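Report on the structure given below.
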There are 2 protein chains.
Amino acid sequence: MNVIATIIHILGVVTMGSSGLMATCLLTSLIAQDGAQTAFLLATALTLLVGAIMFFPTISTPKIVSRQAGFLLVSITWSLLPVFCTLPLLFYMPKLSFLDAYFEVVSGLTTTGATILSGLDHLPMSINLWRHELNWIAGMGIIIFAVAILPILGVGGMQLYIAETPGSVKESELPPRIAQTAKALWLVYAGISVLCIIALKLAGMSWFDAICHAFAAMSLGGFSTHDNSVGYFNSVPIEVVLTIFQLVAAINFATHFIAIKKRSYRPYVEDMEARAFLALVLTSCLMTAAVLYRDGTYDNYFTALRHATFNLVTIATDCGFASQDFNQWPIFVPMWMLFLSCLSASSGSTGGGIRMIRTIILMKQARLELFKFIHPNSVRPLRIGDAIINNKIVTSVTGFIFLYFISIVILVFLLLFSGLDFVSALSAIIACFNNAGPGLNQVGPATNYASLSDFQTIVCTFAMLLGRVQIFSIVILFVPEFWKK
Amino acid sequence: MNVIATIIHILGVVTMGSSGLMATCLLTSLIAQDGAQTAFLLATALTLLVGAIMFFPTISTPKIVSRQAGFLLVSITWSLLPVFCTLPLLFYMPKLSFLDAYFEVVSGLTTTGATILSGLDHLPMSINLWRHELNWIAGMGIIIFAVAILPILGVGGMQLYIAETPGSVKESELPPRIAQTAKALWLVYAGISVLCIIALKLAGMSWFDAICHAFAAMSLGGFSTHDNSVGYFNSVPIEVVLTIFQLVAAINFATHFIAIKKRSYRPYVEDMEARAFLALVLTSCLMTAAVLYRDGTYDNYFTALRHATFNLVTIATDCGFASQDFNQWPIFVPMWMLFLSCLSASSGSTGGGIRMIRTIILMKQARLELFKFIHPNSVRPLRIGDAIINNKIVTSVTGFIFLYFISIVILVFLLLFSGLDFVSALSAIIACFNNAGPGLNQVGPATNYASLSDFQTIVCTFAMLLGRVQIFSIVILFVPEFWKK
Ligand SMILES: [K+]
Ligand SMILES: [K+]
């Protein structure tokens, strides 16, 4: 019973926190008089009330949860929290179905950024701000949740984050106390976000658009205030600024922290994930631009390079803006972009997918297998830099990637079963599962996820959640041993 | 130098062997007076000559090859042998390009059964027999090559076959001497083939069609003497007979041998691969038939079940006949069929793909990872039946599957790069890589691979070879260590 009380208590904290976030939109709405005041007032009050009902009666329960309860907590939080977050949308747009609102909010909180709403340009400022705040908060949220909030509540949180392979050797250089680490990462995240807002303003956005798009870029969420996403601005400076900040956001924030602390670029050079990521993305930009130019999509290479770079970077980093309808491009290019979305983002970033560190470990392992095939008796270990990666981590990584792959296969078949065409189904699942955003065809950048049936919306929502919690936390609930004492 | 001489010598044996095979078609052509007599005469003579030139001068070299040389030999044989086998086609059809002929022959020898020829119904009997003989010989060939021919030549062949996971615990029950094993497997293979010929004749085929289709079924090659493949016959008895023999052919031949020797069905019950394979395929037939019925493709469930069963079994077993244009079916069904083609066939069968045993090991490993996630200090090992599978095999299996997956990704991107649409590209690579046969869209069952460009034909040919030698033997050539002393 204690376990349930503890879980309810923590949910209460999170719920009350969301009502605090809603309050900022309420304030915005009141200042802008944008018509969503009542919606936010009701939503804030109701969320606060339910949060308080969960929080106060359970205040005296011990704040220790077991490994099992921790996983349960993650799944419940990720399923329930979005319910409260839908309230402003549902109160403002009574015609919106709960399922669609839930999709939109999960898309925001998982930093997927796939949208089911049309007419974004005409929504009240406060509603758009709400969507972007979900992106921004959630962008750092999953890390904060694991390394700061749970420990503050007296819960041993780090083990929840075990799905994340110990990526950076530099972990030891971070401040030792968990709360301190969290605060440091927050500061870095908020600081870079402020820089991004200023840069976007200087590049020509309004303050409001600059704030929203900076939130979406730093969290790699990819929501926009315009149906045409970044294509609305048709501005090279804006695309350049966003490209740079998306690349920054896809690098491990621990690396940023150390680089800032040491005032040195060395940590970036030493970050194997960042090196591999940047090399892969830059090569891919040049290559895909060449394909676009070869196929006559754009009539000069530099225009092709401009559009290839922005759209490829935004998909590869799992941000998911769009400046062109890349669904019309030769299929090689968007498929390559989606492929990169599976593996590019760094482990300590707000991106999704397999993460670069796992990709590197797997490639090294495959290379090692080939070597062992020639020299069957060799005992060469797997190394990353100077560190020897032990076998337990390697099998854990391959196990993860298998679950990743089989999850995608099952989800794609569910969409195919429902009658969606293959390219739409595959791209929707890859885009949702990697928390990237737009897919192709029926869910391409020129349209959105609104045309999906209820069943398809549920599948895509589940894909976003499963991808965000790195599969394990949800899949593990289906293992009978989980429920045994 | 000795190594090269030994490789040439063995190539000589194989080449002379092929000329012997050609001689049977020459004889058929002479009897049937079908117009391909000259083509086969020239081809047989030329092949014999070149084989003899390779064989006799190198007759005194020691017949021991190292592990490295063994891999090299496999790759060279698989690349060069098809060159000789194209000769009858090229001599008979001077307008056929070498590339297309090479594709057709590689398709035969890898038991892929994808065809680039049209008007099969009007080809000389001997030419069609040649295609089917390639299927049949190759079906057992890769096993014979590894376990019988090489040892007869004094070459330690078994290590070449190491890519194949030790699948059957029953290996110990097979006759101990390698040549004896090979002969026993041959007998089983030939015996079941004869039964299949008789059954097909009784089901209504001509003797010639019965022989050709039995060759294609037992080898899971899937060539047909008709452009419409098995759809030409439109016969339930023929479809039933072929379905049964394809299922038989996709089970480990060691299991067949033991079952026959013991006159017992127990070995099948004990064969975990066979059990998983049959359960998976039967469930899939019922499910896909339901989808076809639901979507109105066929207006009663039993018609749907008939067509779903035949086409699903033939693709899932990597045989690759077709009785309907399943490209017109709701995409869920053919995609599921292609998915099954990746993993259904047993390790000791003539099918391709990952093989069921590896699928099982991987699934058990993923399950184990989830368990370890809950109980991090447990040391539960991976078991198959009573046997504990050691970690070395598990990492080898995951390494293989990663190479399998990444090979498919690279090959698909090559086809996309060349401008093929996504469904054609993906299905072509999966069908070729698993040695299954027909794909979808441009390479679907109603068309064939003739419309591919030269570049695309090369990519698909390479996919068939890479799939047949289970990736390692070719990929390993690109590892620098391979070439070091
Ligand atoms: K995103
Ligand atoms: K085949």
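The values are calculated or read from the model by the stated rules, or taken from the named source; none is laboratory data. This structure is a prediction, so every number in the text was calculated from the model and none was measured. Every residue, glycine as well, gets a Cβ built from its backbone with ideal geometry; the counts of neighbours run over all protein chains shown.
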statement: Those residues of the stretch A:204-258 which are among the small types (G, A, S) and away from ligand 1 (no atom under 16 Å from the Cβ) amount to A:G204, A:S206, A:A210, A:G231, A:S235, A:A254
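For B:L368, indicate whether it is away from ligand 1 (no atom under 16 Å from the Cβ) and in contact with a helix residue (DSSP H, G or I) (Cβ under 6 Å, 6 or more places away or on another chain).
In short, no.
What residue, among those in the stretch A:219-229 that are surrounded by 24 or more Cβ atoms within 10 Å (Cβ to Cβ) and more than 10 Å from the chain's Cα centre (by Cα), is farthest from A:N252 (Cα to Cα)? Walk me through how you get there before you give the answer.
Just the residues of the stretch A:219-229 that are surrounded by 24 or more Cβ atoms within 10 Å (Cβ to Cβ), to begin with: A:219-224, A:229.
Checking which are more than 10 Å from the chain's Cα centre (by Cα) leaves us with A:223-224, A:229.
Values: A:F223: 21, A:S224: 24, A:S229: 26 Å.
In this case the residue turns out to be A:S229.
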- line: Among the residues of the stretch A:294-321, the number that are surrounded by fewer than 23 Cβ atoms within 10 Å (Cβ to Cβ) and among the small types (G, A, S) is 1
Search result, residues across the stretch B:98-122 that are touching a residue at least 60 places away in the same chain (Cβ under 8 Å) and away from ligand 2 (no atom under 16 Å from the Cβ): B:L99, B:D100, B:Y102, B:S118, B:G119, B:D121
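Being under 20 Å from the mean Cα position of the chain (by Cα) and crowded, with 24+ Cβ neighbours inside 10 Å is the filter here; which residues of the stretch B:85-103 pass it?
Restricting attention to the stretch B:85-103, the residues satisfying the condition of being under 20 Å from the mean Cα position of the chain (by Cα) are B:85-86, B:100-103.
Result: B:C85, B:F103.
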field: Hits in the stretch A:397-444 - residues which are within 16 Å of ligand 1 (Cβ to nearest atom) and surrounded by fewer than 24 Cβ atoms within 10 Å (Cβ to Cβ)
entry: A:G444
statement: Taking the stretch A:14-27 and keeping only residues that are surrounded by 16 or more Cβ atoms within 10 Å (Cβ to Cβ) and touching a residue at least 40 places away in the same chain (Cβ under 8 Å), one is left with A:V14, A:T15, A:S18, A:S19, A:L21, A:M22, A:C25, A:L26
- prompt: Which of (1) modelled with pLDDT under 95; (2) under 22 Å from the mean Cα position of the chain (by Cα); (3) among the small types (G, A, S) does A:A214 not meet, given it meets every other one?
  reply: (1)
- request: Could you check, for the stretch B:264-279, whether at least one of its residues is out of contact with any Phe, Trp or Tyr (no Cβ under 8 Å at 6 or more places or on another chain) and under 24 Å from B:G444 (Cβ atoms)?
  value: no
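Residue by residue, here is whether (1) of a type outside the set (V, I, T); (2) within 14 Å of another protein chain (Cβ to nearest Cβ) holds:
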residue: A:I59; (1), (2): no, no
residue: A:S66; (1), (2): yes, yes
residue: A:I76; (1), (2): no, no
residue: A:L81; (1), (2): yes, no
residue: A:F84; (1), (2): yes, no
residue: A:F91; (1), (2): yes, no
residue: A:E104; (1), (2): yes, no
residue: A:S107; (1), (2): yes, no
task: Those residues that are of a type outside the set (G, A, S) and either under 15 Å from the mean Cα position of the chain (by Cα) or within 16 Å of ligand 2 (Cβ to nearest atom) (or both), I need them from the stretch B:308-333; list them, please.
output: B:F310, B:N311, B:L312, B:V313, B:T314, B:I315, B:T317, B:D318, B:C319, B:F321, B:F326
query: When only residues in the stretch A:28-69 that are among the aromatic types (F, W, Y) and buried (at least 17 other Cβ atoms within 10 Å of the Cβ) count, which is nearest to B:I374 (Cα to Cα)?
result: A:F55
task: Spot the failing condition for A:T303; the list is (1) assigned to a helix (DSSP H, G or I); (2) hydroxyl-bearing (S, T, Y); (3) touching a residue at least 24 places away in the same chain (Cβ under 8 Å), and only one is missed.
output: (3)
- request: Would you be able to say whether some residue in the stretch A:331-338 is more than 11 Å from chain B (Cβ to nearest Cβ) and buried (at least 21 other Cβ atoms within 10 Å of the Cβ)?
  value: yes
